[in-house]
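Taking it in order: structure first as structure tokens, then the write-up.
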Amino acid sequence: MTNTMKRCGFKHTLMLLLLTMSQATYAQIPPNDTPWQVLSKGTATWLFMDIYHAELSGTAPLEADFLTNQNPLKLELCYLKPITQDIFVRGAQEVLPKNLSPEEQTAVNQLHASYQDVKPQDCYQLIYQTGFTQLRLNQKVVFQTNLKSFKQIYFGIWLGPNPLSKDLKQALLGTRS
């Protein structure tokens, strides 16, 4: 075998490996073409100051088990004030369940490590689609997990039994809350 043939064989193998890896990565990223319907909107207020606007979207009206079912769900938070990463983490820690499994706690820690400081007009999106939960900052994916319980855990910060803001939960869920 000539050196040229060996190099071609190596290049071919490397290209196949890269193609396989890119397809595996792509297969784990949910499609961005979900037909979202805005279900509700609200504003989070703290000490009489508006902090962020929230928009809850789905692909159908919410069902009673919306936090645990497999239906797509998106919560977009667009900020009116600058917020630092440590404030996001402290706020979440106040209302997250205390009895998370080690796997759930690891995923929460990874999401918290992905938070970044925001300035006015920045938007975080928490998105659940077909078994994946993602956090996006200004449309860029900064965290993703396929942990099935993560939808309930993290959307629960705003929509669960012990939300950050009962007024915002009421605005987003209406009579369902």
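Structure data summary
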read-out: Where residue 100 falls short, out of the listed (1) of a type outside the set (Val, Ile, Thr); (2) surrounded by 15 or more Cβ atoms within 10 Å (Cβ to Cβ); (3) modelled with pLDDT under 95; value: (3)
read-out: Unmet requirement for residue 138, which otherwise passes all of (1) surrounded by 14 or more Cβ atoms within 10 Å (Cβ to Cβ); (2) out of contact with any Lys or Arg (no Cβ under 8 Å at 6 or more places or on another chain); (3) without any contact (Cβ under 8 Å) to a residue 40 or more places away in the chain; (4) not hydroxyl-bearing (Ser, Thr, Tyr); value: (1)
read-out: Extreme residue, farthest from the chain's Cα centre (by Cα), among residues of the stretch 49-65 that are surrounded by 14 or more Cβ atoms within 10 Å (Cβ to Cβ) and touching a residue at least 60 places away in the same chain (Cβ under 8 Å); value: 62
read-out: Pairs, first within 17 Å of residue 158 (Cα to Cα) and in contact (Cβ under 8 Å) with a residue 12 or more places away in the chain in the stretch 115-126, second surrounded by 14 or more Cβ atoms within 10 Å (Cβ to Cβ) and of a type in the set (Phe, Trp, Tyr), C-beta under 6 Å, six or more apart; value: 115/88
read-out: Filter result for residue 103 (within 29 Å of residue 35 (Cβ to Cβ) and among the acidic types (Asp, Glu)); value: no
read-out: Residue in the stretch 85-97 that is modelled with pLDDT of 95 or more, more than 21 Å from residue 50 (Cα to Cα) and surrounded by fewer than 18 Cβ atoms within 10 Å (Cβ to Cβ) present; value: yes
read-out: Of the criteria (1) at pLDDT 85 or above; (2) farther than 16 Å from residue 136 by Cα, which one residue 57 fails; value: (2)
read-out: Those helices (runs of 4 or more DSSP H) lying entirely in the stretch 59-177 with at least 1 residues over 19 Å from residue 42 (Cα atoms) and among the acidic types (Asp, Glu); value: 85-95, 102-114
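The values are calculated or read from the model by the stated rules, or taken from the named source; none is laboratory data. Please read all numbers here as calculations on a predicted model, not as lab measurements. Quick reminder, even Gly has a Cβ in these numbers, built from the backbone with ideal geometry, and neighbours come from all protein chains shown.
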